[in-house]
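Everything below concerns the one structure shown next.
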Amino acid sequence: MKPFVLKKSVILALALLCLTACFALPLSAADTGRIHDPASLLSAAKEASLNARMDELSNTYGVEFYLATYRASGRYDDFIGDEYCRDIRNLRGMDAVLLIVTYDEWDGEYYYDMYTYGAANYDISQKEVNYILDKSEVYNNIKGGYVAEGVEAFFEWSAQAYEGRVGASWVLIIVVSAIIALVIGCIARAGVIAAYKQKKASVDYPLDRYATLELTHESDNFVREYTTRTYSPRSSGGGGGSRHGGGGGHRGGR
């Protein structure tokens with residue numbers, strides 16, 4: 001009986017297989033991709049499509065986008081972003097936007113929360129955050145269970161907000177308001193002038209012929225002086241900080 005001998009090609013193939021497995025184990029724990037879906041709210045096809053779109057937006061706008069889904073039972077914790085940074089991927093120090101979608105099995109409702117980190121925490125204003133969270137294609141889709149569609153719309157608007165292209169600028173708002181006020185003022189002025197022109201001349205009454213006044217005595221009596229003061233509280237000033245600190249954190253949810 002001939003001894004069992006492994007060919008060099010077989011040995012090389014087994015070595016490569018073991019090497020691949022050794023690298024795959026730590027990689028799967030450290031690099032989870034842009035989407036972390038333990039709640040299984042996305043199908044495989046939608047997850048792949050959404051991940052590709054998030055990659056495209058991140059490369060185009062220079063800000064990282066991440067999504068995590070969770071299931072809750074009667075209590076939703078909006079600090080779950082901290083758990084994501086601790087257990088999945090540390091986003092602190094990165095320019096990133098994180099969306100967390102939670103399905104509450106207790107009431108059968110979907111909830112979603114937005115987190116920003118790094119430059120995104122400052123470049124996306126709170127007004128823009130509320131604008132994005134309330135967009136119909138975001139709110140109606142996620143709340144209606146169409147998670148992939150709502151998430152894609154969310155990141156589309158987040159990318160535009162990061163570039164400062166969400167909502168009208170304050171300069172435009174001021175200019176338009178000034179024009180509207182000027183038009184209203186001109187219309188009101190024209191109406192007053194027209195009313196005065198249409199007013200008939202008053203009838204002269206010869207007061208000196210039918211009325212007389214004889215002044216016999218004049219005096220001034222000073223009674224009392226009153227001074228009224230109203231207390232106006234002084235504004236404390238200053239701005240509020242993030243509940244999470246560290247250059248980013250929870251910005252709002254629905």
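Count charges around S40 for me, please; just the other residues with Cβ under 14 Å from its Cβ, Lys/Arg as +1, Asp/Glu as -1.
Local charge sum for S40: -1.
If Rh is defined by the Kirkwood formula over all Cα pairs and Rg also comes from Cα, what ratio Rg/Rh do you get for the stretch 35-76?
Result for the stretch 35-76 is an Rg/Rh of 1.09.
Please rank C186, C85, fewest neighbouring Cβ atoms within 10 Å first, as an exposure proxy.
Lowest to highest Cβ neighbour count: C186, C85.
Measure off 7 Å from each Cα along the Cα-to-Cβ vector at S43 and E137, then give the distance between these two points in nanometres to one decimal.
If labels sit at S43 and E137, their model points lie 2.1 nm apart.
Given +1 on the Cβ of Lys and Arg, -1 on the Cβ of Asp and Glu, and no further charges, what dipole in debye does the stretch 31-168 carry about its Cα centre, rounded to the nearest 20?
120 debye
Around D95, which amide H atoms from residues at least 5 apart in sequence, or from another chain, sit under 5 Å from its own amide H, with H modelled in the peptide plane?
E64, A119
State the antiparallel share, in %, of DSSP beta bridges confined to the stretch 31-168, rounding to the nearest 5.
So the antiparallel bridges in the stretch 31-168 amount to around 45 percent.
So if I restrict to the alpha-carbon atoms in the stretch 31-168, what is the Rg, and what is Dmax, the biggest pairwise distance, in Å?
Every Cα atom of the stretch 31-168 included, Rg and Dmax give 13.9, 40 Å.
Taking amide H positions as placed in the peptide plane 1.01 Å from N, state which residues far from H36 in sequence (5 or more) or on other chains have amide H under 5 Å from it.
L67, A68, T69
Read-outs: derived from the displayed coordinates by stated rules, not from any lab. This one's a predicted model, so the numbers in the text were calculated from it and none came from an experiment. Counting neighbours? That spans all protein chains shown, and the Cβs are built from the backbone with ideal geometry, glycine included.
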